[in-house]
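Student: Here it is, the structure, as structure tokens.
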Amino acid sequence: DMMGPNITMLDIEELKKTKLKPYIERSLEHIAPAPGALAMLGHNIDLAIANYEAWAVSFNSGNLSHKIKEIMRVSLSRRAHCSYWGNVRSASAKRDGLTEELIDDGINNYADSEHLDDKEKAILNHVDLVMKDPDSLDAEYYENLRKHLSEDEITQIGIFLCFNAGYH
């Protein structure tokens with residue numbers, strides 16, 4: 001069963017009367033992060049702003065595609081049975097070619113997917129192992145992972161996972 005957020009979502013229109021207004025407007029335009037994130041984090045406005053800025057950097061910078069980041073994020077949402085975050089889609093990820101079919105393939109069939117390259121498969125395998133079997137991430141594992149990803153990219157994945165796993 002899918003469920004919604006466990007933190008009370010504040011009214012966006014009321015939050016627009018605070019210093020969150022410019023962040024809410026950007027969030028409504030890009031849907032990344034989703035306006036619901038600010039509706040939940042708005043219980044502490046300064047923390048909401050700091051989180052928005054850090055999340056935006058983790059999503060909008062680096063050399064990992066928005067498409068793969070969005071598959072990662074939706075995967076985490078589905079693992080948590082969260083219907084709210086699991087159904088939000090980033091506008092930039094859609095422009096990168098994200099489709100619902102690709103999300104499903106990336107979550108349910110990434111190892112054998114004909115739509116993902118080796119790097120994307122390595123990323124999704126890493127997410128899977130971080131969430132299911134973190135003890136398997138030993139030195140040998142990272143040595144193999146570096147065949148597909150730079151340490152910068154591995155760091156980007158870790159930070160992105162930290163931001164997105166905590167919303168559920």
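The values are calculated or read from the model by the stated rules, or taken from the named source; none is laboratory data. Small disclaimer: the values here were computed from a predicted structure and weren't measured. In this analysis, Cβ positions are derived from the backbone assuming ideal geometry, glycine residues included, and neighbour counts consider all displayed protein chains. These accessible areas exclude ligands, DNA and RNA; they are computed on the full protein's heavy atoms, side chains included. Shrake-Rupley method; radii C 1.70, N 1.55, O 1.52, S 1.80 Å.
Student: Tell me, in nm to one decimal, what length is gained between Lys132 and Thr99 on full extension, where the rule is 0.36 nm per residue of separation less the Cα-Cα distance?
Tutor: Between Lys132 and Thr99, full extension yields 9.4 nm more.
Student: Next question. From the mean inverse distance of alpha carbon pairs (Kirkwood) and the Cα radius of gyration, derive Rg over Rh for region 69-134.
Tutor: In region 69-134, Rg relative to Rh is 0.94.
Student: Using a 10 angstrom cutoff on alpha carbons, build the Gaussian network for the chain and name the most mobile of Asp138, Asp128, Asp105.
Tutor: Of the options given, Asp138 has the highest mean-square fluctuation.
Student: While we're on this one: Please arrange Ile7, Ile31, Ile157 by accessible surface area, largest first, computed with a 1.4 Å probe and ligands excluded.
Tutor: Ile7, Ile31, Ile157
Student: Might you work out the accessible area of Val88 for me, using a 1.4 Å probe with all protein chains in place, and round it to the nearest 10 Å²?
Tutor: Surface open to solvent at Val88 totals about 20 Å².
Student: Which value, in debye to the nearest 20, describes the size of the charge dipole of region 73-168 about its Cα centre when Lys and Arg Cβ atoms bear +1, Asp and Glu Cβ atoms bear -1, and nothing else is charged?
Tutor: For region 73-168, the charge dipole is close to 540 debye.
Student: Rank Arg146, Arg89, Arg73 by mean-square fluctuation in a GNM of the chain with C-alpha springs under 10 angstrom and give only the top-ranked residue.
Tutor: Arg146
Student: Running a GNM on the chain with Cα contacts under 10 Å, which residue among Ile45, Ile24, Ile123 ends up with the highest mean-square fluctuation?
Tutor: Ile45
Student: OK, next. Mind checking the alpha-carbon convex hull of region 1-104 and giving the volume per residue in Å³?
Tutor: Each residue corresponds to 95 Å³ of Cα convex hull volume.
Student: Using a 1.4 angstrom probe on heavy atoms only, work out the carbon and sulfur share of the accessible area of the chain in %.
Tutor: On the way: 4450 of 8760 Å².
Taking all protein chains in place, the chain shows 51 percent carbon and sulfur surface.
Student: Can you list residues from other chains, or at least 5 along the same chain, whose modelled amide H is less than 5 Å from the amide H of Cys82?
Tutor: Placed amide hydrogens put Met3 under 5 Å from Cys82.
Student: With every protein chain in place, what's the accessible area of Glu29 (1.4 Å probe, Å², nearest 10)?
Tutor: Approximately 120 Å² for this residue.
Student: Turning to a different aspect of this structure: At Ile7 and Lys147, where each label point lies 7 Å from the Cα along Cα→Cβ, what is the point-to-point distance in nanometres?
Tutor: Computed distance between label sites Ile7 and Lys147 equals 4.0 nm.
Student: Students sometimes get this wrong: rank Lys94, Lys69, Lys121 by accessible area, probe 1.4 Å, all chains present, largest first.
Tutor: The most accessible residue leads, giving Lys94, Lys121, Lys69.
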